[in-house]
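I have a structure here, written as structure tokens, and I will follow up with some questions on it.
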Amino acid sequence: MNDHDRDDLLATAVRLRTEGRQEEARQRLLTLAAALPEDAEIAYQTAWAHDVLGLEAEAVPFYVRSLAGTGLSEEDRRGALLGLGSTYRVLGRYEKAVEVLRGGAEEFPGDGALRTFLAMALFNTGEHHEAMRLLLELLASGSTDPSVHEYRAAIEYYARDLHATV
């Protein structure tokens, strides 16, 4: 298969998914993934197609394959880390979720979604203090609520130590 055919087939499958024709997109992506098993972008899109349909367990090997390969854009790599970590969490594999999401948050420190999903996975593993710290930091740095902004310094202080007293 030449690059032009690959690009056209992939674009068609992605378009089908965005049009709500998820099963048709998934079938096309499975065919592409079988033909081009080393293609990280196709693996990522195939994982996403499974996730959208609630087929999380089937999505995992495609996420793993996409992250092991090369050629993902920065945005797709971020999406694959978020997708894999979130999928592990949904499947009850909380430690793996924390591992993947922590790595993603370190690689993309400005990504609030990765840190939010990491906080949820940390909650699931009983690491409540770190989960709360992450969420408070996100709230303090990203909220447009005027009253949150007014108390930003205090929220950031308590994010570092929830047991602190004045």
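Quick one: putting +1 on the C-beta of Lys and Arg, -1 on the C-beta of Asp and Glu, what dipole do you get for the chain around its Cα centre, in Debye to the nearest 20?
Values: 17 positive and 28 negative charges, 75 e Å.
Approximately 360 debye in magnitude.
Rounded to the nearest 0.05, what FRET efficiency do SER141 and GLU99 give with R0 = 22 Å and r taken as the Cβ-Cβ distance? Could you check? Kindly include the intermediate steps, with their values, before the conclusion.
Working: r = 24 Å, r/R0 = 1.11.
Approximately 0.35, to the nearest 0.05.
Give me P(r) over the chain, computed from all C-alpha to C-alpha distances, binned every 5 Å, as integer percentages.
Spelled out bin by bin, the chain gives 1, 9, 16, 17, 16, 12, 10, 7, 6, 3, 2, 1, 0, 0 percent.
What's the percent breakdown of Cα-Cα distances in segment 82-153 across 10 Å bins, shortest bin first?
Each 10 Å bin holds this share of Cα pairs: 23, 47, 23, 7.
Mind checking which of GLY69, LEU32, GLN22 is farthest towards the positive end of segment 1-72's charge dipole, using Cβ charges of +1 (Lys, Arg) and -1 (Asp, Glu) about the Cα centre?
Farthest towards the positive pole: GLN22.
A further question on this structure: For the chain, what does the helix formula give at 222 nm: sum of -39500 (n - 2.57) over DSSP H segments with n ≥ 4, over the residue count, nearest 500 deg cm²/dmol?
Numbers: 10 runs with 129 residues, N = 166.
Using -39500 (n - 2.57) per qualifying helix, the result is -24500 deg cm²/dmol.
Enter the angle in degrees (range 0 to 90, nearest 10) between the Cα long axis of helix 112-124 and the first principal axis of the Cα atoms of the chain, meaning the one along which they spread out most.
Orientation of helix 112-124: about 80 degrees from the principal axis.
So what does log10 I(q)/I(0) come out to for segment 1-72 at q = 0.16, 0.20, 0.21 Å⁻¹, using the Debye formula with one equal point on every Cα and no solvent?
-0.46, -0.73, -0.81
Turning to a different aspect of this structure: Which value in nm describes the separation of the simple spin-label points at THR165 and GLU150, placed 7 Å from the Cα toward the beta carbon?
The answer from the label model is 2.6 nm.
Here, each number is a calculation from the coordinates, and none is a lab measurement. Quick caveat: nothing in here was measured; it's all calculated off a predicted structure. In this analysis, Cβ positions are derived from the backbone assuming ideal geometry, glycine residues included, and neighbour counts consider all displayed protein chains.
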